[in-house]
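Attaching a single structure in structure tokens format; questions to follow.
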Amino acid sequence: MTVTMPAPAYIDPVCLDHALKTRGYGVLSPAGVAAFVECPLSELELLKADWSDLPLDGFLKDGGSYRRRRHSSFIVAPQEVRQVAHRAHYQPLEYNALHGGMLRLFEPMAARTIAQPVWPKLLLAIARVCSAIKGERTWYVEAHQFRIDTGNGIGRPTPEGAHRDGVDFVAILLVARENVKGGESRIFESDGPHGQRFTLIEPWTLLLLDDQKVIHESTPIQPTATGGHRDTLVLTFRSGGFIEPPRDCDAA
């Protein structure tokens, strides 16, 4: 039986800030992302190989081995992208009931990834939309490279379930999707009954969310052939500083 996966409704990049203001999210096609970042997709393709060199996520509380990741942090000013000293990722329990409340120190992104000319272009383009909505400011960005692997069966992109990240905006860029089914994106109003569901299929599709207006999740993926995986780049944009733990936070 063929399972039909609902496709997202793509919008023009010039409408992205309006979509975020009115419904809390917007989706750009790969061609739209190229126009948005002002670069050919071939520049983004230069990043793809780095997803095959991600270490296992050793913090999964469900005991799974289906997630690989790297993490780095950046400060994005109107005309500048600056990487900060490597730091642990932290989320309060109120935003991540499964993995919140602890410091998680992942391996940093590879230097070759950050050195690609498209990297600052991407961060600056998203920051401009964030500032168009919230006013021009400095953005504190955490970058997460994820590979959800199905080598041992089901892979869970969001094991914590539907959630907010406790930031201002969340960008989810689909990098690759190979030999899997599932992985449906689900977006719900944070204070209302309405929701949307669709599946990101095309590499370099961008989903941008207003984290204060909506909650989101991705459903589990299952293999359809050997080597099934789903690769994403998740970028969170927050004003005022990075989320930091209380001083007595347990790093375990």
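The values are calculated or read from the model by the stated rules, or taken from the named source; none is laboratory data. Because the structure is a prediction, the values reported are computed rather than measured. When we count neighbours, we look across all protein chains shown, and the Cβ atoms used for this are built from the backbone with ideal geometry, even at glycine.
Scanning for something over 27 Å from I187 (Cα atoms) and either surrounded by 15 or more Cβ atoms within 10 Å (Cβ to Cβ) or of a type outside the set (K, R) (or both), does region 57-69 turn up at least one residue?
Yes, there is a match, as at least one residue in region 57-69 is over 27 Å from I187 (Cα atoms) and either surrounded by 15 or more Cβ atoms within 10 Å (Cβ to Cβ) or of a type outside the set (K, R) (or both).
Being hydrophobic (A, V, I, L, M, F, W, C) and either assigned to a loop (DSSP other than H, G, I, E, B) or surrounded by fewer than 18 Cβ atoms within 10 Å (Cβ to Cβ) (or both) narrows it down to one of F36, F74, F106, so name that one.
F106
When region 57-76 is examined, which residues are found to be modelled with pLDDT of 95 or more and farther than 20 Å from R177 by Cβ?
Across region 57-76, the qualifying residues are H71, S72, S73, F74, I75, V76.
Among the residues of region 124-161, what is the count of those that are in contact with a Lys or Arg (Cβ under 9 Å, 6 or more places away or on another chain), of a type in the set (K, R) and not in a loop (DSSP other than H, G, I, E, B)?
1
With (1) under 22 Å from D211 (Cα atoms); (2) touching a residue at least 60 places away in the same chain (Cβ under 8 Å) as the list, and D50 as the residue in question, which single condition is left unmet?
The single condition D50 does not satisfy is (1).
Would you confirm whether any residue within region 91-109 is in contact with a Gly (Cβ under 6 Å, 6 or more places away or on another chain), free of Cβ contacts under 8 Å to residues at least 24 places away in the same chain and not hydroxyl-bearing (S, T, Y)?
yes
Let me ask you something else. Could you pull out every one of the strands (runs of 3 or more DSSP E) wholly within region 174-252 that has 3 or more residues that are surrounded by 15 or more Cβ atoms within 10 Å (Cβ to Cβ) and out of contact with any Ser or Thr (no Cβ under 8 Å at 6 or more places or on another chain)?
Of the strands (runs of 3 or more DSSP E) lying wholly inside region 174-252, those with at least 3 residues that are surrounded by 15 or more Cβ atoms within 10 Å (Cβ to Cβ) and out of contact with any Ser or Thr (no Cβ under 8 Å at 6 or more places or on another chain) span 206-210, 229-239.
Could I ask something else about it? Does region 131-150 hold any residues that are of a type outside the set (F, W, Y), over 30 Å from P220 (Cβ atoms) and either in contact (Cβ under 8 Å) with a residue 40 or more places away in the chain or touching a helix residue (DSSP H, G or I) at 6+ places or on another chain (Cβ under 8 Å) (or both), and which are they?
S131, A132, I133, K134, E136, R137, T138, listed by residue number.
Additional query: Among the residues of region 44-59, is there at least one that is touching a helix residue (DSSP H, G or I) at 6+ places or on another chain (Cβ under 8 Å) and not in a helix (DSSP H, G or I)?
Yes, there is a match, as at least one residue in region 44-59 is touching a helix residue (DSSP H, G or I) at 6+ places or on another chain (Cβ under 8 Å) and not in a helix (DSSP H, G or I).
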